[in-house]
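The structure appears right after this line, and notes come after that.
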Amino acid sequence: MSDDDLFDLEPEALELAAAIAMLRKEPRDRLVASARATSRFDDLEREVASLLDLDVRAAGALLLRVDDASSWTEGPAPGVRLFHVEGGPAVASAVTGFVRVEAGREFPEHEHLGDERVLVIQGALRDSHGHVVRRGEIAPMPAGSAHSFEAIGPLPLVYLVVVRDGVRIGHDVIGPDDPRG
């Protein structure tokens with residue numbers, strides 16, 4: 001039906017045509033909305049952007065990759081995987097990335113060479129000092145501090161870490177320029 005044909009319709013028919021047009025539009029709008037990339041971590045985009053010195057769009061793109069197995073590499077212990085990310089200028093001297101620890105597994109004892117901030121995006125952790133950190137919470141650790149932690153609960157622990165100057169795990173130092181960091 002062309003637009004010109006609409007002028008020839010009775011008012012009741014015009015209302016019906018408008019209702020049919022709206023019904024056709026609704027599935028298209030739902031499809032378009034669902035095609036927009038969303039993440040189950042959308043509520044944490046602003047915090048991730050702030051910690052990584054990125055805009056919210058870039059943070060959202062990184063969070064979309066968290067569930068992509070190809071983003072991850074082997075970590076420093078069994079059940080630990082790493083996803084290195086590049087932050088903005090404010091975190092250029094920091095190790096930045098996501099860490100995934102399988103439920104019940106431990107991230108080994110390590111020392112922070114600079115200040116560390118961790119944002120839990122999935123699951124929870126209990127550190128060797130007894131502190132529990134859950135989804136959406138930030139755990140700061142000062143330079144020189146050391147701890148290990150365990151992923152608690154039924155889900156794997158996934159968190160974003162920003163640690164200035166790197167970490168020491170045993171005799172191994174992982175700094176900002178280290179490809180493992």
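Just so it is clear, none of the values below were taken in a lab; they were calculated from the coordinates. What you see is a predicted model, and the numbers here were worked out from it, not measured in a lab. Here the Cβ positions follow ideal geometry from the backbone for every residue, glycine too, while neighbour counts run over all protein chains shown.
What shape does the stretch 32-116 take by its C-alpha gyration tensor, where a ≥ b ≥ c are the square roots of the eigenvalues and a/c under 1.5 counts as rounded, a/b above b/c as prolate, and the rest as oblate? Here the stretch 32-116 falls in the oblate category.
Could you list Val66, Val118 in order of exposure, starting from the residue whose Cβ has the fewest other Cβ atoms within 10 Å?
If I rank by nearby Cβ atoms, fewest first, I get Val66, Val118.
Packing here is the average count of other Cβ atoms within 10 Å per residue, and on that basis the peptides 132-138, 109-115, highest first, run 109-115, 132-138. Roughly speaking, what is the centre-to-centre gap between the stretch 102-181 and the stretch 44-85 when only Cα atoms are used, to the nearest Å? About 14 Å separates the Cα centre of the stretch 102-181 from the one of the stretch 44-85. Scaled against 2.2 N^0.38 Å for its residue count N, the alpha carbon radius of gyration of the stretch 99-181 is 1.02. Counted by neighbouring Cβ atoms within 10 Å, the residues Thr96, Thr38 run from fewest to most as Thr38, Thr96. Residues of the stretch 86-112 with backbone nitrogen within less than 16 Å of a virtual label 7 Å along the Cα-to-Cβ line of His131, please, listed as ranges. Correct set: 107, 109-112. Note: the stretch 42-174, Cα convex hull, 95 Å³ per residue.
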